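Read the structure below first, then the notes.
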Amino acid sequence: MLAVLKAGGAYIPLDSEIPADRVNFIMQDSNAKILITSDEILERIDSQLNNHLIFNIDRQLSELSNYPTTKPETQNRKPTDLCYIIYTSGTSGMPKGVLLEHRNVLTYIRGALEIYPITHNHRALQGFSVSFDASVEEIWVTFAAGATLVVGTFDIMRSGDRFSSILNQLNITFLSCAPTLLSMVKEDIPGLKILIFGGEVCSTDMAHRWCKPGRLVYNTYGPTEAAVIATYLVLNPDEEVTIGSQLPGYDVRIVNEWLQPVGGEEEGEILIGGDCVARGYLNRDELTASKFIETDRYDGILRRYYRAGDIARYAPNGQIRFVGRLDAQVKVRGFRVELAEIEGLLLKFESIQAAAVTLDVPTQQLAAFVVETEGKTINREGIAEVLRLKLPYYMIPSTLDVVPELPLTTSQKIDRKRLPAPQIPLSFSAKREIIVCDT
């Protein structure tokens, strides 16, 4: 990442576990010039990759000695130049690239350094996938403060009950994570001085459990399109858990469908403005136009805002209470997921007539419900195999239940609130079968 930015380019972070199909799509959609990777990843997906220019750091590192050691010329670098592209789940069935500029990231970093008392003495864990923009918080805020960055290996992040003791041994003092991660950790992490929750709703129990003397605990909110986080709250065990108020340098409003500010505890959509707002979506002009808007109705000055699609209302003290999504988008362990993308893939099977995917709140896992096509029976192991090949791990439902019909609202939309409790696990099998699927 540092090398790409120093060379004047923009980087596209990919999760190391995503399937080759998704890598191929992103490389083609972004017109990326080179794929930087390693032996471990290529051993898994190399045969399925298209003809990309690849730099394998495990085998080609010595080639770098053939290039000049002087700093590359990066003249005319502008705040509006592209910094990175993060691909998020899309309703069309394919991921969409969010274009973040240098000014967007710098606006966030400056705001973060104002609210987080991180110094060069801190040690931060980098545990989020780099394909999720919470990693920007971990990496660039840490570097900006001159603190130490400790990379969270697979063994660390999957250590279960040993997670707290490992972080203590590593002397981690700064941690940003989704609440679900710490919900499975039984022991406290005494050395932790700054703890940031983000990526999903933080329960009151979780917030109060981790608030300790000498530790600052934050609840944060923000979409990728507005550079990491837009609001924050320093949690207090005796107070309500909200998403707080806007980050320095951010302009956050709650508006009705006519973009007028809401009053009292009226619900409305969150708008985010300021230099934090992304350029838009790559190759998605219509979507960009609908989600990134300009208006002057607040102070007479034409300003650009991102329509977050999140519903919120104000608490009596002026803090923002998060209510939910306008659409079927959810967050799973910090990753943004369009449920329609998974449903669309399930509907490609001849044996499936209708499909609905929802987030099971108690377990924070995805649950799929399908209606079988008359005269056909679903091939559970086959479906699991295709989902594994086509989707990132965090988008694969944990359960798959057959129902006689899907509950609908009066407007003929899936009523996810009336779906039954998930029951039957979706397990993977080493056996490969031929599946009738148009993917």
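The values are calculated or read from the model by the stated rules, or taken from the named source; none is laboratory data. What you see is a predicted model; the values in this text were computed from it and never measured. Heads up, the Cβs are rebuilt from the backbone with ideal geometry, glycines too, and the neighbour counts pull from every protein chain shown. All accessible areas refer to the heavy atoms of the entire protein, side chains included, with ligands and DNA or RNA removed. Shrake-Rupley method; radii C 1.70, N 1.55, O 1.52, S 1.80 Å.
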May I ask you to list the residues in segment 95-138 that are over 23 Å from TYR306 (Cβ atoms) and of a type in the set (Val, Ile, Thr)? ILE118, THR119
Could you tell me whether any residue of segment 401-418 is open to solvent by less than 60 Å² (accessible area, probe 1.4 Å), modelled with pLDDT of 85 or more, of a type outside the set (Asp, Glu) and within 30 Å of ALA134 (Cβ to Cβ)? no
Residue that is farthest from GLU338 (Cα to Cα) [pool: residues in segment 203-239 that are among the aliphatic types (A, V, I, L, M) and in a strand (DSSP E or B)]: LEU216
Considering only segment 106-118, state which residues are open to solvent by 10 Å² or more (accessible area, probe 1.4 Å) and in contact with a Phe, Trp or Tyr (Cβ under 7 Å, 6 or more places away or on another chain). ILE109, ILE115, ILE118
Looking at (1) of a type outside the set (A, V, I, L, M, F, W, C); (2) modelled with pLDDT under 90; (3) surrounded by fewer than 20 Cβ atoms within 10 Å (Cβ to Cβ), which one does THR88 not meet, given that it meets all the others? (3)
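Quick grid of which residues meet (1) free of Cβ contacts under 8 Å to residues at least 60 places away in the same chain; (2) among the charged types (D, E, K, R); (3) open to solvent by 10 Å² or more (accessible area, probe 1.4 Å); (4) outside any loop (DSSP other than H, G, I, E, B):
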{"position": "VAL330", "(1), (2), (3), (4)": "yes, no, yes, yes"}
{"position": "ARG336", "(1), (2), (3), (4)": "no, yes, yes, yes"}
{"position": "GLU343", "(1), (2), (3), (4)": "yes, yes, yes, yes"}
{"position": "VAL370", "(1), (2), (3), (4)": "yes, no, no, yes"}
{"position": "THR377", "(1), (2), (3), (4)": "yes, no, yes, no"}
{"position": "TYR394", "(1), (2), (3), (4)": "no, no, yes, yes"}
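Residue-by-condition table, conditions (1) surrounded by fewer than 22 Cβ atoms within 10 Å (Cβ to Cβ); (2) touching a strand residue (DSSP E or B) at 6+ places or on another chain (Cβ under 6 Å):
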| residue | (1), (2) |
| --- | --- |
| LEU181 | yes, no |
| MET184 | yes, no |
| GLY191 | yes, no |
| ARG209 | yes, no |
| LYS212 | yes, no |
| TYR218 | yes, yes |
| THR231 | no, yes |
The correct count of residues that are open to solvent by less than 20 Å² (accessible area, probe 1.4 Å) and in contact with a Gly (Cβ under 8 Å, 6 or more places away or on another chain) in segment 193-207 is 2
Within segment 175-202, the residues that are in contact with a helix residue (DSSP H, G or I) (Cβ under 7 Å, 6 or more places away or on another chain), of a type outside the set (A, V, I, L, M) and outside any helix (DSSP H, G or I) are SER176, LYS186, GLU187, ASP188, PRO190, GLY191, PHE197, GLY198, GLY199, GLU200, CYS202
Looking at the structure I just gave you, is VAL277 assigned to a loop (DSSP other than H, G, I, E, B), touching a helix residue (DSSP H, G or I) at 6+ places or on another chain (Cβ under 6 Å) and either open to solvent by 20 Å² or more (accessible area, probe 1.4 Å) or at pLDDT 95 or above (or both)? yes
Count of segment 127-142 residues which are open to solvent by 20 Å² or more (accessible area, probe 1.4 Å) and more than 11 Å from the chain's Cα centre (by Cα): 2
Those strands (runs of 3 or more DSSP E) lying entirely in segment 1-89 with at least 3 residues not hydroxyl-bearing (Ser, Thr, Tyr): 54-56, 82-88
Does segment 161-174 contain any residue that is in contact with a strand residue (DSSP E or B) (Cβ under 6 Å, 6 or more places away or on another chain), free of Cβ contacts under 8 Å to residues at least 60 places away in the same chain, among the β-branched types (Val, Ile, Thr) and in a loop (DSSP other than H, G, I, E, B)? yes
Counting just the residues of segment 143-164 that are more than 20 Å from VAL217 (Cβ to Cβ) and among the small types (Gly, Ala, Ser), which one comes out surrounded by the fewest Cβ atoms within 10 Å (Cβ to Cβ)? GLY160
Across segment 33-70, what is the total count of residues that are under 19 Å from LYS6 (Cβ atoms), open to solvent by 80 Å² or more (accessible area, probe 1.4 Å), hydrophobic (A, V, I, L, M, F, W, C) and more than 25 Å from the chain's Cα centre (by Cα)? 2
Return the residue satisfying two criteria in turn: it lies in segment 280-325 and is part of a helix (DSSP H, G or I) and more than 21 Å from GLY249 (Cβ to Cβ), and of such residues it is most open to solvent (accessible area, probe 1.4 Å). GLU286
